[in-house]
């Protein structure tokens, strides 16, 4: 059988005398007139049934394949490089929209369409209350900590205690972290850490604030000595090395969850995606990228 979009064609060489070129043409928007059906040469008996079965198979295959628009936190940028092709191997396509968690929450809340969302658990809960996420579909995927990185080969500073971290931040020529106004969870938390340490004015006077970018890139370029972000976002940046997580009492663990958006037309497919993201296979990918995966059901 040879197929192309909108066309099912059955050629049976052994029965060519009785069936000739038994053809069932299924015209879609890609050809001429949505929903129209045109028969070619008439066939009878087994050939006709085989042609019809082939056409039904093609239509079912097209119906099952969905392109899902997925809003996702930037923290998953590196993980999606492996997760996306693994899921797409099942027949679907993913259209990823990556950004700071606060930003994607704001855009979805404002009415932008999509099928699925992977964001902070708090953000998902707010969107569910607002009717933007289907109640009962949210599922924890993974969690991560906020950390600090330096340029590769540079001495690793002491950040083991609040006082040590304070000294390290004050001695840095510049600190790169996510602009809290951009909605990134790590930036919002780190701004509070600076306030708590009493050094917000000093650090912010020479800070490099980023929006929707890996902050480690500023360190790799030599524009900052330290980068602060979710650890899964720091680790993949070439030319940098992870120092470690913020000290315990200043740490913030962010849980990321996935949910089905209320305006999707592919609810079952999105649920399949969420099941995949919470599977042992996906957990192995996430763990390798410095996430703490949620326990599989």
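At-a-glance table
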| quantity | calculated |
| --- | --- |
| q = 0.11, 0.12, 0.14 Å⁻¹, segment 145-297: log10 I(q)/I(0) [Debye, one scatterer per Cα] | -0.48, -0.56, -0.71 |
| Distance-filtered residues of segment 114-142 - backbone nitrogen under 14 Å, label point 7 angstrom along residue 265 Cα→Cβ | 114-115 |
| Segment 65-110 pair-distance distribution - Cα-Cα, 10 Å bins, rounded % | 27, 49, 23, 1 |
| Förster radius 35 Å - calculated FRET efficiency between residue 107 and residue 295, Cβ distance, rounded to 0.05 | 0.70 |
| Semi-axes of the equivalent ellipsoid for segment 109-153, Cα gyration tensor, largest first, Å | 30, 13, 9 |
| Sorted peptide list for 174-181, 208-215, criterion being average Cβ within 10 angstrom, highest first | 174-181, 208-215 |
| Global size of segment 184-237 as Cα Rg and Dmax, reported in angstrom | 11.1, 31 |
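Read-outs: derived from the displayed coordinates by stated rules, not from any lab. A quick note: this is a predicted structure, and the numbers were derived from the prediction, not measured. Backbone-built Cβ (ideal geometry, glycine too); neighbour counts: all protein chains shown.
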